[in-house]
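All remarks here apply to the structure that follows.
The values are calculated or read from the model by the stated rules, or taken from the named source; none is laboratory data. Here the structure is a predicted model, which is why all the values come from computation and not from measurement. Here the Cβ positions follow ideal geometry from the backbone for every residue, glycine too, while neighbour counts run over all protein chains shown.
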Amino acid sequence: MVTEKQSKTHVSPGLESRLAREADEALRRALDNLAERQSELGCWTGDYGGPMFLLPMYVILCRVADQEIPRERRGRMITYLRNVQNPDGSVGLHCEGAGSMFTTTLCYVALRLLGVDAQDRDAAAMRSWMLEHGTALGAAPWGKWMLCLLGLYDYRGLNPTPPELWLLPYSAPVHPGRLWCHCRQVYLPASYLYGIRAQISPDELLLALRQEIYDSPYAEIDFAAHRDTICEADSYTPQSLLMRAANRTLLAYEQLPNAGLRGRALAEVLRHIDYEDMVTNFIDIGPVNSVMNTICHHFREPGGERFQRGFEALEQYLWDGHDGLKMQGYNNSQLWDTAFAIQAIISTPYADEHARTLELAHRFVRDNQILEDVPEREAHYRDPCRGGWPFSNRAHGWPITDCTAEGFKAAVAMEQRVERPVPEELLADAIRLILYWQNDDGGWATYERTRGAAWLELLNPSGVFGDIMIDYSHTECTSACVQALALARRRFPGWRCGDIDAALERGVEFLRRRQLPDGSWEGAWGVCFTYGAFFAVSALVAAGVSADDPAVGRACSFLLARQRPDGAWAEHHSSCAEGRYVQGAEPHMVNTSWALLALLRGGCTDREALARGVKALLEGQGMDGGWPREAIVGMFNKTCAITYDNYRHYFPLWALSEWLQSVGRP
C-alpha cells in the first residue's frame with residue numbers, strides 16, 4: 001500500500017517543464033492523427049474483432065445456405081485464421097487466448113470449408129491439438145450447436161434448448177424475457193434450430209470432417225454420453241447441480257412428443273426473431289444471433305426475402321484488418337468511439353484548431369440518437385428507447401446505458417460549438433431514459449433494467465462465459481450514467497432536480513459498495529482494474545466527492561502500487577477471468593492512460609509518478625502521432641477479450657491533455 005506521505009512526492013521543475021513541452025508537441029501530433037482517421041460520416045471506425053468463434057459461424061452459415069464466398073475473401077479469412085493460431089496449434093476463445101476446444105474445432109472446420117487441405121501444416125497442427133485434448137466431443141455447447149448444423153455432431157449429444165420455454169408466462173422466473181438481452185437473443189434462434197433439429201445433408205467434405213475431428217469412427221460415437229463433456233480448456237462455468245437437474249427435466253420433456261405444442265412454440269420463436277430483425281434493420285443485437293437468425297430463415301424459407309436481408313446485413317460485421325478478414329463483435333463501435341473522441345479533443349487547448357473535425361463528429365452523434373420507442377415493445381420484452389444512443393449507429397436500434405451517457409456528455413460539450421446542437425428536448429429524453437434504467441441496487445446495467453434473479457446464473461449453459469444470464473449493474477455503466485446525471489444537473493437547473501439528486505446519491509453509494517478492500521474496482525468491459533478505476537474515480541469526482549475522500553485515496557494508492565518501473569501500467573487480460581490484477585509483460589499505453597486519468601481526476605499528489613506515466617506515453621507514441629497496436633484491451637463476460645482499436649488513438653491524447661492542464665502548458 002502506498003502511504004499518504006509517499007503519495008506527495010515531487011518532481012524537479014526542470015524535468016516537468018521539459019516533459020510539458022514534449023507533451024504539448026505530442027498532443028498536437030496526436031490530434032492531427034486522430035483527425036486524419038475520422039471517416040466521411042464524422043465517426044471513427046476501427047477493428048472490433050477478437051472473439052474467435054464469430055468468423056467460423058459465418059463460414060458455417062455460408063456452407064449451410066450454399067452461399068459462395070468469393071475467392072479473394074476466402075483467402076483473407078484463411079490469412080486471419082492462420083495469424084491467430086497459437087504455436088501449439090490451437091486457437092483461443094479470443095485472438096490472444098490460450099487454446100479452446102470450442103474455437104479450435106470451429107476454426108479447423110472453417111479452414112476446411114474455406115478450401116484448406118487436411119494435410120496443410122496449420123490445419124494439421126489444429127487437428128493434432130484437438131485430438132490430444134479430447135476431440136470435438138469436448139467443445140463448449142455453442143460449438144456443438146454449429147457442428148450439428150453441418151451433421152458433424154448428433155443432436156442427441158446436446159442438452160435441450162426447447163422453444164416451449166417461450167410459451168411460459170412472463171411471471172415464471174425462468175422466462176427467457178427475464179434474461180440479459182444478448183443471452184436471450186442467442187438462445188432464441190438456437191431454440192428454433194434445436195426444435196426442428198436443423199441439419200444439412202453431408203457431402204464428401206463433411207464426411208471427411210466427421211473422421212478428422214474425432215478419434216473414433218463417427219457412427220460408433222455415443223453422442224448422448226457426451227452431453228456434458230467439455231474440455232478443461234473450455235470449462236469456465238462448470239454445470240451447477242441446478243443446471244444438471246434442469247437438463248434432466250428437459251430431457252424427460254423431450255421424450256414426450258407434442259407436435260401441437262412444439263408447433264405453437266416454434267411459431268412464437270419465429271415471431272420474436274422476425275421482430276428483432278425488423279426493429280434492427282436485420283442487423284440484430286450482435287453477430288451470433290444475426291448469423292443464427294439468418295440460418296433460421298434459411299431452414300424456414302431457403303433463399304427467401306428474410307434470408308437475403310439477413311445475409312446482406314452480415315456484411316456490416318465483417319472487417320478486413322491488418323491481420324486478415326474477421327467478423328467483429330458488433331456491426332461497429334462508431335458512436336462509442338466518437339463520443340469519447342469528442343471529449344478527448346475538447347479537453348485539449350487546441351480544440352478550436354480542429355473545429356471541422358468536431359463539427360462532423362457532433363453531426364454523427366446528433367444524427368444517431370434514437371428518436372422513437374420500438375413498436376409493441378412490452379410484448380417483445382424491450383425497454384424504452386427514445387433518447388438513447390447505441391454503441392454503433394441508429395440503424396442498429398438497441399440503446400445502451402453508458403453509450404447514452406457518453407452521447408449525452410459529448411452532445412452537451414458541443415452545444416456552444418455548433419449551429420445545430422442536439423435539441424434540448426432530446427437531451428432531456430436521454431436523461432429520462434437514464435433515470436428509468438437505474439436498478440434497485442443503485443447501479444446501471446447495459447441495455448435494460450435487471451429483470452431476473454442472480455440465482456439464474458446457476459443455469460448458465462455456455463461453459464465458457466461468465467455472467468451471461470441477467471443484465472447486472474456494472475461499475476462502468478454506473479459511472480457513465482452518474483457523470484451524465486451530474487452534468488444534467490448543471491445543464492437543466494431546477495428540472496427534475498429531486499429525481500436526479502436521488503439517482504446520483506444511489507449511484508455513488510453503489511460505486512462505494514463495489515470498491516474492493518484493496519481500493520480497486522473490477523471492470524467488466526475492459527482490462528480490467530485500471531479500466532474500473534478510471535470510470536469509478538471519474539464518476540465519484542463528477543458527483544462531487546472530494547479528492548480527500550477515502551474511496552478516492554484508496555483507488556489512487558491501488559494504482560500507484562502497480563505502476564511499473566518504466567512508468568507505465570500493463571494489465572493483462574487474464575485479470576478479468578481471474579478477478580485479480582495480473583501484470584502484463586509489456587507496457588500498455590491504454591492501461592497507462594486510464595491509470596493516469598484516474599490519478600489526475602482523483603487529485604493524486606505524486607507528481608513524480610504522474611510524470612513517469614507521461615514519459616511512458618511520450619516514449620510510446622509513434623511517428624504518425626498515434627500509438628502502436630498493443631495487447632488486447634476490451635473484454636466481455638469475463639473470458640472473451642475484444643479489440644477496441646481506436647482506444648489507442650484518443651485515450652493517450654486525453655491523458656496527456658489532462659496532465660498538461662494540471663502542470664500548466666509550457
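Brief remarks follow.
- Selection from the range 608-624 of residues that are more than 29 Å from the chain's Cα centre (by Cα) and not hydrophobic (A, V, I, L, M, F, W, C): E608, R612, K615, E619
- Residue match in the range 348-358 (condition: in a loop (DSSP other than H, G, I, E, B), crowded, with 21+ Cβ neighbours inside 10 Å and at pLDDT 95 or above): yes
- Of all the residues in the range 267-302, those that are over 30 Å from the mean Cα position of the chain (by Cα) and touching a residue at least 12 places away in the same chain (Cβ under 8 Å) number 2.
- Here E276, E204 are screened, and the one residue that is of a type in the set (D, E) and exposed (fewer than 13 other Cβ atoms within 10 Å of the Cβ) is E204.
- Failed condition for W336, given (1) in contact with a Lys or Arg (Cβ under 8 Å, 6 or more places away or on another chain); (2) closer than 25 Å to G526 by Cα: (1)
- Where D441 falls short, out of the listed (1) closer than 18 Å to D367 by Cα; (2) in contact with a Ser or Thr (Cβ under 6 Å, 6 or more places away or on another chain); (3) part of a loop (DSSP other than H, G, I, E, B): (1)
- Candidate set from the range 534-590 (those that are in a loop (DSSP other than H, G, I, E, B) and of a type in the set (D, E, K, R)); member that is nearest to P628 (Cα to Cα): D566
- Condition check for E315 on (1) out of contact with any Phe, Trp or Tyr (no Cβ under 6 Å at 6 or more places or on another chain); (2) under 15 Å from L34 (Cβ atoms): one failure, at (2).
- Filtering S201, S216 for residues that are more than 18 Å from E457 (Cβ to Cβ), part of a loop (DSSP other than H, G, I, E, B), without any contact (Cβ under 8 Å) to a residue 40 or more places away in the chain and in the same structural domain as G97 (by TED's automatic domain parsing) leaves a single hit, S216.
- Residue that is farthest from the chain's Cα centre (by Cα), among those in the range 149-194 that are under 29 Å from D215 (Cα atoms) and part of a helix (DSSP H, G or I): R156
- Considering (1) surrounded by 20 or more Cβ atoms within 10 Å (Cβ to Cβ); (2) under 17 Å from W145 (Cβ atoms); (3) under 30 Å from the mean Cα position of the chain (by Cα), the lone condition that R227 does not fulfil carries the number (1).
- Every residue from the range 90-148 that is surrounded by 24 or more Cβ atoms within 10 Å (Cβ to Cβ), polar (S, T, N, Q) and not in a helix (DSSP H, G or I): S90, S100
- Selection status of R244, part of a helix (DSSP H, G or I), assigned by TED's automatic domain parsing to the domain that holds P189 and loosely packed, with under 15 Cβ neighbours inside 10 Å: yes
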